[in-house]
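The values are calculated or read from the model by the stated rules, or taken from the named source; none is laboratory data. Note that the structure is a prediction, hence the values are computed from the model and not measured. Please note: Cβ atoms are built from the backbone with ideal geometry, for glycine as well, and neighbour counts cover all protein chains shown. Note: accessible area is taken over every heavy atom of the protein model, side chains too, but ligands, DNA and RNA are not part of it. Shrake-Rupley method; radii C 1.70, N 1.55, O 1.52, S 1.80 Å.
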Amino acid sequence: MQTLYFVRHGQTELNAKDHVQGGDIDSPLLEKSREDAVKTGLYLRNEPIDRLISSPQLRAKNTALLINSQFQTELPFEIEPLLKEFGYGEWEGLHIPTVAKQWPETFYHLRNQPHLYDPRSFGGESYPDLIKRGTKAVTDYADRYSDANLLFVGHSITLTATILSLVGYDLKDIRSQTPMANTSVSRLKRQGDRFILESWNETAHLDE
């Protein structure tokens, strides 16, 4: 049985300031986030992980590199563009309370009714398009390295939509789980074409 591990990147300056940070924007990791990435690496270093795959965005890539540095022998490391964060178009970089005030219905749909979310007016990415690329990335790597356990480092909405879609959630329920915390760990087991959610949003290692 193959195990797939998923880690959200560490918190960034834009995260801390409550700004939209999607697939077309980046900001530096906070120093505490770098420390949390190291803790995540220490937590995972004794797991039977064979390979690490990261989003190309700096907040994910730098988190992945810090995690990898804690393994006794660093894991083979690949970058996958399909793991970039959800694209928010003209919302990128805006203060989230401003977005919620100016686009209340669309913002509500983004977070609570993803099957009704329509970002076309501001050039954003749809949930179905996000799910299509995210699940393709994970299943392609899982197939390519079918005898290996894989660690994916990416972003909150991309990983959430991908993981929950793989285990069979409907689009309307894709935001129903607890939001994925920074440097949290989630796990899937794969049996043939079936994916089973083993854990979600593990954070106890960050308190050590």
Note to self: So the check is Cβ under 6 Å with 6+ separation or different chains; which pairs have a first residue in region 120-133 that's on the phi > 0 side of the Ramachandran plot and a second one that's open to solvent by less than 70 Å² (accessible area, probe 1.4 Å) and part of a helix (DSSP H, G or I)?
What the structure shows: Gly123/Gly89
Next item on the list: Considering each residue of region 118-153, count those that are open to solvent by less than 10 Å² (accessible area, probe 1.4 Å), closer than 20 Å to Ile196 by Cβ and within 15 Å of the chain's Cα centre (by Cα), and give that number.
Entry: 6
Margin query: Just the residues that are among the hydroxyl-bearing types (Ser, Thr, Tyr) and open to solvent by 30 Å² or more (accessible area, probe 1.4 Å), please, taken from region 190-208.
Written below: Thr203
Item checked: Index of the failed condition, Leu164 passing every other in (1) over 16 Å from Asp18 (Cα atoms); (2) touching a Phe, Trp or Tyr at 6+ places or on another chain (Cβ under 8 Å); (3) assigned to a helix (DSSP H, G or I) -> (2)
Check: From the residues in region 35-55 that are aliphatic (A, V, I, L, M) and either within 22 Å of Tyr145 (Cβ to Cβ) or modelled with pLDDT under 95 (or both), which one is surrounded by the most Cβ atoms within 10 Å (Cβ to Cβ)?
Finding: Ile53
Margin query: When you scan region 64-86, do you find a residue that is farther than 25 Å from Tyr145 by Cα and either modelled with pLDDT of 95 or more or of a type in the set (S, T, N, Q) (or both), even just one?
Written below: yes
Check: So which pairs qualify, if the first residue must be in region 9-28 and touching a residue at least 40 places away in the same chain (Cβ under 8 Å), the second must be part of a loop (DSSP other than H, G, I, E, B) and of a type in the set (S, T, N, Q), the Cβ gap must be under 6 Å, and the two must be at least 6 apart or on different chains?
Finding: Gly10/Asn182; Gly10/Thr183; Gln11/Asn182; Thr12/Ser27; Leu14/Gln21; Leu14/Ser27
Next item on the list: Can you tell me which residue within region 56-106, out of those that are assigned to a helix (DSSP H, G or I) and of a type in the set (Val, Ile, Thr), is most open to solvent (accessible area, probe 1.4 Å)?
Entry: Thr98
Notebook entry, point to check: Which residues, taken from region 167-189, are outside any loop (DSSP other than H, G, I, E, B) and either without any contact (Cβ under 8 Å) to a residue 60 or more places away in the chain or open to solvent by less than 10 Å² (accessible area, probe 1.4 Å) (or both)?
Noted result: Leu171, Lys172, Asp173, Val185, Ser186, Leu188
Item checked: Out of Phe107, Phe86, Phe71, Phe77, sole residue that is free of Cβ contacts under 8 Å to residues at least 12 places away in the same chain, within 24 Å of Gln11 (Cβ to Cβ) and of a type in the set (Phe, Trp, Tyr) -> Phe107
Check: Among the numbered criteria (1) closer than 19 Å to Ala37 by Cα; (2) under 13 Å from the mean Cα position of the chain (by Cα); (3) of a type in the set (S, T, N, Q), which single criterion is violated by Thr162?
Finding: (1)
